[in-house]
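The values are calculated or read from the model by the stated rules, or taken from the named source; none is laboratory data. Note that the structure is predicted; figures quoted are calculated from it, not measured. Because the Cβ atoms are built from the backbone with ideal geometry, glycine has one as well, and the counts that use them run over all protein chains shown.
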Amino acid sequence: MNAVAAIVAGIVGTIVMTLVMVMAPKMGMPKMDIVGMLGSMFGAPPNRALGMAMHFMMGIVFALIYAAFWAYGIGAATWPIGLLFGAVHWLIAGAMMAGMPMMHKGIQSGKVPAPGAYMTHNGGMKAFMGGLVGHMVFGFVVALVYAAF
């Protein structure tokens, strides 16, 4: 496993995913403010710098996980496998969003709305699909950048 390649791939994948989230409302999708959500975990109003740092940290961690799978022979750093890993990543991460109120001070205080499983309280099926596409884009980019090393 090439950890440097995975870190670079995670950063690039997170940048591209963030751009997709910024463009989403311009395409009729719900606003997906994961930076604000993460930045308000310790209280509201959101600390956007902290939220962005957490977002990039998670992107790096997930790219390292993808690279570890590839190093152990589970898939390969190809664009189809990247898309698949991104979809599986969303199915796991989206389900965990349902438990966010247990650890999120902003939600517990009532100042931040709970996203619900797959962010469906923030736009229903459009939010689900937006999250799926965003994570698939992340996986696609991580695979291509990692493979380039």
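Brief remarks on what is shown
- Residues that are small (G, A, S), on the phi > 0 side of the Ramachandran plot and out of contact with any Pro (no Cβ under 9 Å at 6 or more places or on another chain) within region 111-149 comprise just one, G116.
- Region 119-142: number of residues that are in contact with a Leu (Cβ under 8 Å, 6 or more places away or on another chain) and crowded, with 24+ Cβ neighbours inside 10 Å: 1
- Test: residue in region 13-21 that is touching a residue at least 24 places away in the same chain (Cβ under 8 Å), buried (at least 18 other Cβ atoms within 10 Å of the Cβ) and over 15 Å from V141 (Cβ atoms): no
Conditions tested, residue by residue: (1) among the aliphatic types (A, V, I, L, M); (2) part of a helix (DSSP H, G or I).
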| site | (1), (2) |
| --- | --- |
| A44 | yes, no |
| L50 | yes, yes |
| F56 | no, yes |
| A67 | yes, yes |
| G75 | no, no |
| L83 | yes, yes |
| I92 | yes, yes |
| M97 | yes, yes |
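- Tabulated pairs, region 31-48, first among the hydroxyl-bearing types (S, T, Y), second modelled with pLDDT under 90, C-beta under 7 angstrom, 6+ apart or interchain: S40/P46; S40/G106; S40/V112
- Residue match in region 96-110 (condition: free of Cβ contacts under 8 Å to residues at least 24 places away in the same chain and in contact with a His (Cβ under 8 Å, 6 or more places away or on another chain)): no
- Test for V4: is it among the β-branched types (V, I, T), in contact with a helix residue (DSSP H, G or I) (Cβ under 6 Å, 6 or more places away or on another chain), part of a helix (DSSP H, G or I) and more than 28 Å from K111 (Cβ to Cβ): no
- None of A9, A77, A24 is touching a Gly at 6+ places or on another chain (Cβ under 6 Å), aliphatic (A, V, I, L, M) and surrounded by 19 or more Cβ atoms within 10 Å (Cβ to Cβ) except A24.
- Residues satisfying the stated conditions in region 87-99, i.e. closer than 11 Å to G116 by Cβ and crowded, with 19+ Cβ neighbours inside 10 Å: G94, M97
- Test: residue in region 56-68 that is without any contact (Cβ under 8 Å) to a residue 40 or more places away in the chain and crowded, with 17+ Cβ neighbours inside 10 Å: no
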